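Undergrad: Before I ask anything, here is the structure I am working with.
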Amino acid sequence: QVQLVESGGGLVQAGGSLRLSCEVLGRTFNIYAMGWFRQAPGQGRAIVAAINYGGDSTYYTDPVEGRFTISRDNAKNTVALEMNSLEPEDTAVYYCASTQGGTIKTRARDYVYWGQGTQVTVSS
């Protein structure tokens, strides 16, 4: 059974930082691309960042470019999202997800396994 276990969410003031982590269990990790999505109340699930299977190619949505960093450790089956200069607009439930291929995907429908989500709240 495949499980994606997320950790690291919480409450932070604007300008602060948080680091999200996601461990993948029950699936070969180093051949699949990974992504982080977020969903704010009343909105759909949107891509935040993605990374290819080897970790040498990344994608960021424009609002987080330069503030967030996605990385992976294939030896530990983990993917992380370092979030700096957080803004109230970053408040959402954050999900990690795993694709069926090794290249970056940006659409939620291209991801087959999802974590349970972790709440990130940024106060002004």
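Undergrad: Having 3 or more residues that are open to solvent by less than 50 Å² (accessible area, probe 1.4 Å) and modelled with pLDDT of 95 or more is the bar; report the strands (runs of 3 or more DSSP E) wholly within region 1-97 that clear it.
TA: 18-25, 34-39, 46-51, 68-73, 78-83
Undergrad: Taking interchain pairs and intrachain pairs at least six residues apart, which have beta carbon atoms under 8 angstrom, with the first residue in region 47-65 and within 17 Å of Ala75 (Cβ to Cβ) and in contact (Cβ under 8 Å) with a residue 12 or more places away in the chain and the second open to solvent by 50 Å² or more (accessible area, probe 1.4 Å) and in a strand (DSSP E or B)?
TA: Cβ pairs passing all conditions: Ile51/Thr58; Ile51/Tyr59; Asn52/Thr58.
Undergrad: Scanning for something free of Cβ contacts under 8 Å to residues at least 24 places away in the same chain, under 18 Å from Leu25 (Cα atoms), hydrophobic (A, V, I, L, M, F, W, C) and in contact with a Ser or Thr (Cβ under 7 Å, 6 or more places away or on another chain), does region 98-116 turn up at least one residue?
TA: yes
Undergrad: Tell me which residues, restricted to region 103-124, are surrounded by 14 or more Cβ atoms within 10 Å (Cβ to Cβ) and either within 11 Å of Ala50 (Cβ to Cβ) or of a type outside the set (Val, Ile, Thr) (or both).
TA: The answer is Ile104, Lys105, Thr106, Ala108, Asp110, Tyr111, Tyr113, Trp114, Gly115, Gly117.
The values are calculated or read from the model by the stated rules, or taken from the named source; none is laboratory data. Note that the structure is predicted; figures quoted are calculated from it, not measured. Cβ: placed from backbone, ideal geometry, glycine included. Neighbour counts: every protein chain shown. Remember, those area values only see protein heavy atoms, side chains included, never the ligands or the DNA or RNA. Shrake-Rupley method; radii C 1.70, N 1.55, O 1.52, S 1.80 Å.
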